[in-house]
1. For the cross-link pairs K46/K243; K60/K243; K124/K258; K187/K243; K258/K299, which exceed 29 Å when the distance is taken from alpha carbon to alpha carbon?
2. Determine the order of I288, I67, I212, I314 by accessible area, beginning with the largest, at a probe radius of 1.4 Å.
3. Solvent-accessible area of M261, probe 1.4 Å, all protein chains present, reported in Å² to the nearest ten, please.
4. If the viscosity is 1.567 mPa s and the temperature 4 °C, what translational diffusion coefficient in µm²/s does Stokes-Einstein give for the stretch 53-113 when Rh comes from Kirkwood over Cα pairs?
5. Put K113, K124 in order of accessible area, largest first, 1.4 Å probe: what do you get?
6. Could you rank V127, V302 by how accessible they are, 1.4 Å probe, largest area first?
7. Determine how large the accessible area of K243 is when every protein chain is in place; take a 1.4 Å probe and give Å² rounded to the nearest 10.
Amino acid sequence: MMYTKLQFFLLLLLSARKSALVDAVPLNEIERTAVTTAVLEDIKTKISEWGESLPSDGQKSDFYGGILRLAIRDFMDYDNSDSDNPGGSDGCLDIGDATNAHLLDNNWCDACKFRDMYTMYFSKIGVADFWVASASKVVELLSPGLNQCEPTIKWNRPDTSSATCSANYQNLNRMTDASGCTELENKQVNRMGLTWTDVVALMGHHTIGRNINSDTWCNDVAESLQFDKRYYEDIKDRGWTMKTINDNTWSRGAATHKRVMYNEDLCLYYDFTNTNADCCTNTFNQCIPSATTWTECSKVAVGNERRDAIDLFIAGTQEDHAEFHDAFASAFEIGTNLGHTDLYSVFDDNEAANCADKTSSFHGMVRLGPALILGKKILQKDVPGREEDAQ
């Protein structure tokens, strides 16, 4: 079916309404563009321009960190034992879920800059692909000095349907919470099939951005704009104590120091199974309150893969981030590809130009649906004619 310009304009208007709307445009008639090196460079440029236009370091940190967390949390529901509904990167993230309670809902809402960027410039790319591509460019942009972290990405991920997205969060209980390494082992190592080195590397995304309370995982907001190994150095070397015993949240310094770690961060180096949580991770480094006589938390044994990964990442000079960057790039590629068997490598511009009919080549392969943010009952869909749930 072909549409006149007026008909297509009316469809665009209808798609913006918060009401039930059936698929008015068949999937195979929505043109999707291939992801090329030029597209990736455009995404990188737009992210840099829009991020740097923000007036404060805190807002920049939230913007960049939010993009990275969207992409990583999106694939954390993958289950390698469920062939019918494996999950993975699919444009579905429930900000309202308890496991995401510490995340900011500031990048994929009606008035959010990142979503505006997608709508204005990149809506012919699938949302899951856009999140993955954008996150890869965030870590590239924020890698310090000559130490560039450049994950290799692929594209052609199907975006999930609204019914499947909602059911996954309500019924499958796949997302990891911040409770510690048992949770990480059960859901990311055993269920997803990641190695502990992959898990530790991916946790390095905490080096960028802030949590919902504007706390950073590093020394200050300025440092949260650098994708470096400082996060791992702070895990090992700083004196962290629990804010409230058994609440999974750790702090250091005075209450005005907006720094945070969770059990899932510190358990990578410290063994809480054999240690009273009323301990300090490094009694030689500013355990607060200082008047308390602190017991030092037990460390994970040397030879344990997660501790060894941290020691590897922080080795070398202060400016050497290569081990961390290489491990993150590898784990990010593995994670974002989980559950997908028909992904394509990014075309360089000459390859794309030489495709005789590159649009029709992908019509039958790209299974597109809505990109969803649940929790606030806002289902984000930027493709004209997609059904929208009533608010």
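The values are calculated or read from the model by the stated rules, or taken from the named source; none is laboratory data. None of the values given here were measured: they were computed from a predicted structure. In case anyone asks, the SASA skips ligands and DNA or RNA and just uses the protein heavy atoms, side chains included. Shrake-Rupley method; radii C 1.70, N 1.55, O 1.52, S 1.80 Å.
1. K46/K243; K124/K258
2. Correct descending sequence by accessible area is I212, I288, I314, I67.
3. Number for this one is 0 Å².
4. It comes out at roughly 100 µm²/s.
5. Correct descending sequence by accessible area is K124, K113.
6. V302, V127
7. For K243, solvent-accessible area is about 110 Å².
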